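The values are calculated or read from the model by the stated rules, or taken from the named source; none is laboratory data. The structure presented is a predicted model; accordingly, all values stated were derived computationally and were not measured. Here Cβ is always computed from backbone atoms with ideal geometry, including for glycine, and neighbour counts include all displayed protein chains. The area values use the complete protein model at the heavy-atom level, side chains included, leaving out ligands, DNA and RNA. Shrake-Rupley method; radii C 1.70, N 1.55, O 1.52, S 1.80 Å.
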Amino acid sequence: MIVVGAGPGLGLAIARVFAKAGHPVALIARRKERLEALVGDLVSYGIPALAYQADASEPGSLRVAITAAIADLGAPASLVYNAALLRRDSPTDGDDGGWVTAMAVDVLGAKVAAETVLPLLEGERQSLLFTGGALATRPSPSFASLSVGKAALRAYVQALSVELADSPVHAAIVTIDGRVDGGLAQLSSAAIAKAYLQLHEAEPVARVNEVIVR
């Protein structure tokens, strides 16, 4: 499986859950040093794990990383898009460039990742999974671009789910309503990560396009 936007919190937790279930793992993120440390954690499970450096805001970079991961580890059964640009901004901040980058990471990167890996997914269970947030339906004026990005991502996944309804691929979003690793057990990275594996392993008749964790 492939995790785009791999970090030491939720991204690593998702990778651990899938690794324990027997899936080789490819981690994709911007920071090479952090990626290498995460891979070191995963190989302790005896599952192949490799890291690929890429910027989710740059479609070409992301496509190259995903393609390389598949060449090295084989066709995946799942891709998780966990990338987002967390920045304080407002609906009228005048920062055109910042908004362009935010939308590239929060929305376009998800589309690029999905369409790159989709023709290459294999296995009895196949999934495209995305990390959403409550800002999609309760936007914040202090995190305006992220609010817009999560709303757009949610709409994208819903459209993708309809498009793939008659295919073996399950497209869904995990909407996190609360602070990850903020003290609540149900919002720990480890607990949330289980929702991704459950979506991936769901029988076709039990599939949903959104799970809300709160």
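Give all pairs with beta carbons closer than 7 Å in which a residue from the range 120-144 that is assigned to a loop (DSSP other than H, G, I, E, B) meets a residue that is modelled with pLDDT of 95 or more and among the basic types (K, R); count only pairs at least 6 apart in sequence or on separate chains.
Short answer, once both residue conditions are applied: S142/R88.
What number of residues in the range 149-206 are within 19 Å of P139 (Cα to Cα) and modelled with pLDDT of 95 or more? Before the answer, list the steps.
Here is the first cut: in the range 149-206, the ones within 19 Å of P139 (Cα to Cα) are 149-158, 173-180.
This time we only want the ones that are modelled with pLDDT of 95 or more, so: 149-158, 173-177.
Result for the range 149-206: 15.
So A136 fits all but one of (1) among the small types (G, A, S); (2) under 23 Å from A21 (Cα atoms); (3) within 17 Å of the chain's Cα centre (by Cα); (4) open to solvent by 10 Å² or more (accessible area, probe 1.4 Å); what number is the exception?
(2)
For A155, all conditions in the list (1) touching a residue at least 24 places away in the same chain (Cβ under 8 Å); (2) farther than 20 Å from S78 by Cβ; (3) surrounded by fewer than 19 Cβ atoms within 10 Å (Cβ to Cβ) hold save one; what is the number of the exception?
Only one criterion is unmet by A155, namely (1).
Here are some conditions: (1) polar (S, T, N, Q); (2) open to solvent by 60 Å² or more (accessible area, probe 1.4 Å); (3) in a strand (DSSP E or B). Q186 meets all but one. Which one does it not meet?
Here Q186 clears every test but (3).
Looking at G9, G5, G46, G74, can you tell me which residue is at positive phi, under 14 Å from the mean Cα position of the chain (by Cα) and among the small types (G, A, S)? Walk me through it before giving the result.
Details: G9 fails: at positive phi; G46 fails: under 14 Å from the mean Cα position of the chain (by Cα); G74 fails: under 14 Å from the mean Cα position of the chain (by Cα).
G5 is the lone residue from the list that is at positive phi, under 14 Å from the mean Cα position of the chain (by Cα) and among the small types (G, A, S).
Do we have A102 as part of a helix (DSSP H, G or I), crowded, with 17+ Cβ neighbours inside 10 Å and either touching a strand residue (DSSP E or B) at 6+ places or on another chain (Cβ under 6 Å) or free of Cβ contacts under 8 Å to residues at least 40 places away in the same chain (or both) here?
Working: part of a helix (DSSP H, G or I): yes; crowded, with 17+ Cβ neighbours inside 10 Å: yes; either touching a strand residue (DSSP E or B) at 6+ places or on another chain (Cβ under 6 Å) or free of Cβ contacts under 8 Å to residues at least 40 places away in the same chain (or both): no.
Criteria not met by A102.
Tell me which of these D181 doesn't satisfy, since it passes every other one: (1) open to solvent by less than 40 Å² (accessible area, probe 1.4 Å); (2) touching a residue at least 60 places away in the same chain (Cβ under 8 Å).
Looking at each condition in turn, D181 falls short on (1).
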